[in-house]
1. Out of B:TYR148, B:TYR144, which single residue is open to solvent by 30 Å² or more (accessible area, probe 1.4 Å), within 13 Å of chain A (Cβ to nearest Cβ), assigned to a strand (DSSP E or B) and modelled with pLDDT of 90 or more?
2. Take the conditions more than 7 Å from chain B (Cβ to nearest Cβ), modelled with pLDDT under 85, open to solvent by 40 Å² or more (accessible area, probe 1.4 Å) and closer than 30 Å to A:VAL651 by Cβ and apply them to A:LYS714. Does it pass?
3. For the range B:34-78, what are the residues that are touching a residue at least 40 places away in the same chain (Cβ under 8 Å), more than 9 Å from every other protein chain (Cβ to nearest Cβ) and open to solvent by less than 60 Å² (accessible area, probe 1.4 Å)?
4. With the condition kept exactly as written, say whether any residue in the range A:767-774 is out of contact with any Lys or Arg (no Cβ under 6 Å at 6 or more places or on another chain) and among the basic types (Lys, Arg).
5. Among the residues of the range A:731-745, count how many are surrounded by 12 or more Cβ atoms within 10 Å (Cβ to Cβ) and out of contact with any Leu (no Cβ under 6 Å at 6 or more places or on another chain).
6. Out of all the residues in the range A:441-466, which are open to solvent by 60 Å² or more (accessible area, probe 1.4 Å), in contact with a Phe, Trp or Tyr (Cβ under 9 Å, 6 or more places away or on another chain) and either more than 26 Å from A:ASN480 (Cα to Cα) or outside the structural domain of A:THR392 (by TED's automatic domain parsing) (or both)?
7. Which residue, of B:ASN180, B:ASN166, is in contact with a helix residue (DSSP H, G or I) (Cβ under 8 Å, 6 or more places away or on another chain), open to solvent by 30 Å² or more (accessible area, probe 1.4 Å), assigned by TED's automatic domain parsing to the domain that holds B:LEU213 and in contact (Cβ under 8 Å) with a residue 12 or more places away in the chain?
Amino acid sequence: MKKITFLIIFLFTSLGIYSQEYTLSGIVEVKTSAEPVAFANVYIVELQKGAQTDLNGKFSIKLPEGEYTLKISFVGYDDYEESLKINGDKKMTFKMKAGKMLDEVEVLGEKDDDKLKDPTAGMVKMDVKDMEKIPVVFGEQDVIKTIQLMPGISSAGEGSSGFYVRGGSADQNLVLVDDAPVFNPAHLLGFFSVFNSNALSTVELYKGGISPKYGGRISSVLDVSMKEGDMKKWGFDGGIGLISSRFTTGGPLKKDKASIIISGRRTYADLFLGLSKDPTFSSSKAYFYDLNAKIAYKIGKKDKLTLSGYFGKDVMKYSDIFAFNYGNATATAKWNHVFNSDFFMNSSFIFSDYVYNIQIQSPSGTDFKIKSGIRDYQIKTDFVKKIGSWNTLVFGGGAIFHHFRPGEIDALSDQINDINIQERYGWESNVYIGDQMRIGTRLNIDFGIRLSMYNCFGPAEEYLWDDQGEVTDTLFREKNKAYKTYLGWEPRFNLSFMINETMSIKAGYNRNYQYMTLLSQTGSGQPTDVWVSASSSVKPQIGDQVSLGYFVNFGKNSMFEASVEVFYKYMQNQLDYRNGSQILFNQQIEASLLQGIGYSYGAEFFIKKRKGWFQGWIGYTLMRSIRKVPGINNNEEYSARQDRIHDINLVLMFDITDRLTLSSTFVYNTGDAVTWPAGKYEVDGQLVPYYPSRNAARMPDYHRMDLALILKDKKFKMKKNKETGEKEKIEKRFRSTWAFSIYNVYARQNAYTVSFEENPDNPGQFQAKQLALFRIVPSVTWNFKF
Amino acid sequence: MRIVGLIIFIVVIASCEKIIDVNIPDSDPQIVIEGKISTDTNVYSVLVSKTVPYNSTSNSYVDNAVVSLTDDLGNTQVLNSVGNGEYQTALFSGQVGRTYTLTVQNEGVVYSNYSSIQSPVQMDSIHTVFIPANTFPGVEEGIYPQIYYTDLVGLGDRYRMIFSRNDTVFNSADDYFLFNDVYDDGLQEVVSLFGKRFKLKPGDKVKVELWKLDEHVYDYYQTLENIISQGFAPTGVPDNPNSTWTNGALGVFNAYSYSVDSLIVQ
């Protein structure tokens, strides 16, 4: 506690030196719609001082008395400039006009030196509009697929929505949509993510430098926010593709006061199944859908309420013998309050649920249903307070109630008994405080601390077991009583120093606690993976990361940006499984788990051309990710599955004409570390593979190239002016775009799985068989907006 | 896991398979011991060998080990090498309720394992059923076997079923019929073999053995089946079967009882 008191005293005593300063606070909105503009850059030319708008379009800057030129810029909008006289506190609303080149936005829209100044090393920010040009599988834009093209982030497998950040596993990423966690961000086994790009406004991913306001996962935070409806007029947009279509509509419920937006998406490949004459196929189904909705309501000048929700589901059915569905549902109710120009508050109630259901009717009459899931209820409040011109204080707290339902089997015939894997309950609560200090024009420091606490609540049965994982005793935990408490101190620190106008260095350290772990059968994420809570025997994961980076802009008008970042991450209490563990429907799953340490380290190189008719980037990551778990691999170190030593991403985009863009991506990575047989032997008349060590072999290297061609329609049409009789150019309201893409252009057969089997031509000999999912996948999508 | 396999199969129609060359780090050969005794046979066998590289076509038998079998009353028999890694002795039959210990000494290392013979469970009956066309998806019209047995009341019973037709034992990676009573303790069980390869014709002779297994032996066979059955999706981390041999030897020691039933298809 002493430390905190000291911290607070330190913060408050360093203030108030510039007593003659006034506050300029404002909201930046879109001129035509009153939608807030997030992440716009506000800049005082004379002082070389700036601020950035928050997600609600708000900003504030402390200024001494005087006359200034204020500039606001944001990608896709005309720069806004205004002369101001400051002689007292001032509140203003700034209206930005959509730029002439609205459709030709730059990738990662930022001001030239934003990235240099931001102390958060390891942050990737994306405007959803920026993703349009990047080719993706099945032609569907996808934030997760696009973010996987950045250094330090790699896909968990062909077409997977899971991703690994700096050597961490896929469940160590906190995936948020409007503050609500999404437990399984994948549709259709990962080929689509749950994020319908039509419904999203901004995407931020932190691979390091995680703010104290985030917690609960040790590797990264992916913070996605949903679009708000237009407050002025109704609009529609959508897309029609070979596999799926989507449609979004939004507009004012009450002009300038309340808005709504609804977005939906569904795949329809399975509709063709209905045409089949074979009853097995005509009664089969395979589709998914998404629904996003958000309502925003302004109450007076100081308050705003938003209500947003996401609902998605995958449905699969094979005749009458097998039915499977799974999906996420989230809801966020958020209250936004402005105390004064220097003091804001966001308060939310959040709900998130993931569930899967399986129904099986087998020919032998063994019919049963399976149900499993996880549910969170959360409250949280965040405050932002500016103190003087140097400090921005962020503080807040919250609590989450986790309800784990690992699975129940409901027998529908008498050849099987009901089974119910015990449910678990946990309270995760936290408080945090942090300060963003701007010291002069060169040095920025963000630091803070988060205190998290996890309580396991009964009723629960816990087990004691011996070295072999055989259960020896059962402990009965009482209802509504905390039987195990964990406390986590999570310090966070980031620093950036501008060496000169085009160069900066950054350093960071952060510690995170994670109180739940996904038990995955494959490591790449399956809908049937199960979350397990921390408990008396399963200790929370702890991640510590240090990173150091060098950032530079160069070329004409800072046309290029480049960076080198190095990191080291140390992870405690990493889970692995005892040999031959049963993950699904195991009442005593904890006895099958082993915990050890993991560490990863690496360097990320990045260079990007961000202006001109030709844009793109190349990223290279050199990395190792190692585990050491007692009881596995003879207690020796072994590679984590995601130990991909080399990872290269290349993205190129050419604007051939105003209407035509050609783009290409190339990815390469070292194959995953896997366990393959080093030998074989015969037992029980069978040829058996021999596995002496864990993850000692490598999958074949992965590489692939994709192409996309985007063709926009004409922006203007000619129309006769009734009064003058002359023809004039009129901007069209209905706009459309054709997107043609080819996934895996040179038809590389990338290994999805490799299995070993007896050679049919030479019995007794093993051979390796690779399964590749795709050769070449062409697709076409027609997008429209009006 | 088969469920996930099925889903992937439904979704991915465009997939393709090919045989590839892989580079696997070398490792030292490991000893493999397989011992099998039962209540009813006079002959029992112990096989000792070593692992060979995965793409090798030869075997590596161990013929100079010292092998002995001891029961829990302290009676010991020494087994003699008969070549090709096999060890045998004179007449022997296992007793229900006894625990046997098998010991193998080779190159200065002693490996041992144990197994207890459980009370046998008699099968209720073997039936044949006629399945008309289009009754179940993927099941052809024809005659198929169904086996009934009743599990003993109380958790912990483990079974393996051995199916043979016209004196040919089904012994592929797909023929591990292993049953426990975790979900169905004390109930009557029916095992329906509706696969194409179990289709019967009149005159066929069906023979079924129901082995009653020691729990760790069942665990061995189950993990063995996991490893050798080629699923569409990899089933977690590949590993060696759960063996109770000391000093890291591979293989199993199975002391079991069994019941047998047979039927001529009408």
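The values are calculated or read from the model by the stated rules, or taken from the named source; none is laboratory data. Bear in mind the structure is a predicted one, so any value in this text is a computation, not a measurement. No Cβ is skipped: glycine too gets one built from the backbone with ideal geometry, and neighbour counts run over all protein chains shown. Only protein heavy atoms, including side chains, enter the accessible area calculation; ligands, DNA and RNA are left aside. Shrake-Rupley method; radii C 1.70, N 1.55, O 1.52, S 1.80 Å.
1. After ruling out the rest, the residue left standing is B:TYR148.
2. Details: more than 7 Å from chain B (Cβ to nearest Cβ): yes; modelled with pLDDT under 85: yes; open to solvent by 40 Å² or more (accessible area, probe 1.4 Å): yes; closer than 30 Å to A:VAL651 by Cβ: yes.
For A:LYS714, the condition - more than 7 Å from chain B (Cβ to nearest Cβ), modelled with pLDDT under 85, open to solvent by 40 Å² or more (accessible area, probe 1.4 Å) and closer than 30 Å to A:VAL651 by Cβ - is met.
3. Once the filter is applied, which keeps residues that are touching a residue at least 40 places away in the same chain (Cβ under 8 Å), more than 9 Å from every other protein chain (Cβ to nearest Cβ) and open to solvent by less than 60 Å² (accessible area, probe 1.4 Å), the range B:34-78 yields B:GLY35, B:ILE37, B:SER38, B:THR39, B:THR41, B:TYR44, B:SER45, B:VAL46, B:VAL48, B:VAL62, B:ALA65.
4. yes
5. Within the range A:731-745, the subset surrounded by 12 or more Cβ atoms within 10 Å (Cβ to Cβ) is A:732, A:735-745.
Narrowing the set further to residues that are out of contact with any Leu (no Cβ under 6 Å at 6 or more places or on another chain) leaves A:732, A:735-737, A:739, A:741, A:743-744.
Number of matching residues: 8.
6. A:ARG442
7. Numbers: B:ASN166 fails: in contact with a helix residue (DSSP H, G or I) (Cβ under 8 Å, 6 or more places away or on another chain).
Only one candidate qualifies: B:ASN180.
Rundown of residues vs (1) over 27 Å from A:GLU758 (Cβ atoms); (2) outside any strand (DSSP E or B); (3) out of contact with any Asp or Glu (no Cβ under 7 Å at 6 or more places or on another chain), yes/no style:
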| residue | (1), (2), (3) |
| --- | --- |
| B:ASN55 | no, yes, yes |
| B:GLN77 | yes, no, yes |
| B:LEU102 | yes, no, yes |
| B:GLN118 | yes, yes, no |
